[in-house]
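Undergrad: Please find one structure pasted underneath; my questions will follow.
The values are calculated or read from the model by the stated rules, or taken from the named source; none is laboratory data. No experiment lies behind these values; they were computed from the predicted model shown. For neighbour counting, all protein chains shown are included, and Cβ atoms are generated from backbone atoms with ideal geometry for every residue, glycine included.
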Amino acid sequence: MDFGAIHEYLPLYRDALFLTMRIGWQGILLAFVIGLAATIILHFRIPVLRQLTSFYIELFRNTPLLVQLFFIYFALPKVGLRITPALCGMVGLGLLGGAYMAETFRSGLENVPLIQSESAASLGMSRMQAFRYVVLPQAVSSSIPGLVANVIFLLKETSVFSTVSLMDLMFTAKDLIGMYAKTVECLFLLVVFYLIMLLPVSILGSIVERRMRRAEFGS
């Protein structure tokens, strides 16, 4: 193990980590928005949009992110839509994540007893008010484990960003290996920096989940 090379490459991996996390979290935020919108459409059975949303979810859940990125980055320019690699990564991750978030939110909604909506209606709430103030908060609460798992999954999926020329962690590792043949050192740093990115999310998610379980048990 060449520790001198590791020290030399650290700034490159640090910059790649910041880029990966920035685009990754932007994509995850977009995924939350898309997933919530899709859930609302499916929950209220909005005509036409419901069918389109179901098609979107099946399409993006059953195709790899790599294929989706290739389509966005290489196929869309053929029809005049050119976007930067960073935007491609964010949009691709957001669309993929939105499909998974929608399914997670849907599962959470199914865990909310029907009596909750009926009780809200008996208090004079409209269907939308009952959904916003009564059903959705409980659905999100029960969806926390699935949402955390989705976030970790999406952060790991950022490893394919390098295929659209984004200088993320994977791109940096492959580039350095190609130039200097320091395979062990580069892969060691790659593992370390992915752990730096993913472990805090995993630990925080476990803490939140445990506290929520204790709160439910205490109630």
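Undergrad: How about the stretch 107-120: which of its residues are of a type in the set (A, V, I, L, M), surrounded by 10 or more Cβ atoms within 10 Å (Cβ to Cβ) and closer than 17 Å to R45 by Cβ? Write out each step before concluding.
TA: Filtering the stretch 107-120 down to residues of a type in the set (A, V, I, L, M) leaves 109, 112, 114-115, 120.
Okay, now just the ones that are also surrounded by 10 or more Cβ atoms within 10 Å (Cβ to Cβ), so 109, 112, 120.
Passing the criteria: L109, V112.
Undergrad: Can we say Q51 is surrounded by 13 or more Cβ atoms within 10 Å (Cβ to Cβ) and either polar (S, T, N, Q) or touching a Leu at 6+ places or on another chain (Cβ under 6 Å) (or both)? If you could, list the steps in order and put the result at the bottom.
TA: On the way: surrounded by 13 or more Cβ atoms within 10 Å (Cβ to Cβ): no; either polar (S, T, N, Q) or touching a Leu at 6+ places or on another chain (Cβ under 6 Å) (or both): yes.
When the stated conditions are applied, Q51 does not pass them.
Undergrad: Pick from the stretch 123-165 the residues that are of a type in the set (A, V, I, L, M) and not in a helix (DSSP H, G or I): which of them is surrounded by the most Cβ atoms within 10 Å (Cβ to Cβ)?
TA: Per the criteria, the residue is M125.
Undergrad: A further question on this structure: Which is part of a helix (DSSP H, G or I), at pLDDT below 90 and surrounded by 19 or more Cβ atoms within 10 Å (Cβ to Cβ), of Y13, Y9? Step through it out loud before you land on a result.
TA: Numbers: Y13 fails: at pLDDT below 90.
Of the residues listed, the single one that is part of a helix (DSSP H, G or I), at pLDDT below 90 and surrounded by 19 or more Cβ atoms within 10 Å (Cβ to Cβ) is Y9.
Undergrad: Any residue at all in the stretch 179-186 that is of a type in the set (A, V, I, L, M), surrounded by 14 or more Cβ atoms within 10 Å (Cβ to Cβ) and under 30 Å from C88 (Cβ atoms)?
TA: So in the stretch 179-186, the residues of a type in the set (A, V, I, L, M) come out as 179, 181, 184.
Applying the additional criterion that residues be surrounded by 14 or more Cβ atoms within 10 Å (Cβ to Cβ) yields none.
Within the stretch 179-186, none of the residues are of a type in the set (A, V, I, L, M), surrounded by 14 or more Cβ atoms within 10 Å (Cβ to Cβ) and under 30 Å from C88 (Cβ atoms).
Undergrad: Any chance you could count how many residues in the stretch 166-188 are outside any loop (DSSP other than H, G, I, E, B), over 27 Å from F70 (Cβ atoms) and touching a helix residue (DSSP H, G or I) at 6+ places or on another chain (Cβ under 9 Å)? First the steps, then the outcome.
TA: Step one: filter the stretch 166-188 for residues outside any loop (DSSP other than H, G, I, E, B), giving 169-180, 183-188.
From what's left, over 27 Å from F70 (Cβ atoms): 180, 184-185, 188.
Going one step further and asking which of them are touching a helix residue (DSSP H, G or I) at 6+ places or on another chain (Cβ under 9 Å), we end up with 180, 185, 188.
So the answer is 3.
Undergrad: Please note which helices (runs of 4 or more DSSP H) are completely contained in the stretch 32-122 and include at least 1 residues that are touching a Gly at 6+ places or on another chain (Cβ under 7 Å) and aliphatic (A, V, I, L, M).
TA: On the way: elements: 49-61, 65-70, 85-110, 114-122.
The helices (runs of 4 or more DSSP H) meeting that bar are 65-70, 85-110.
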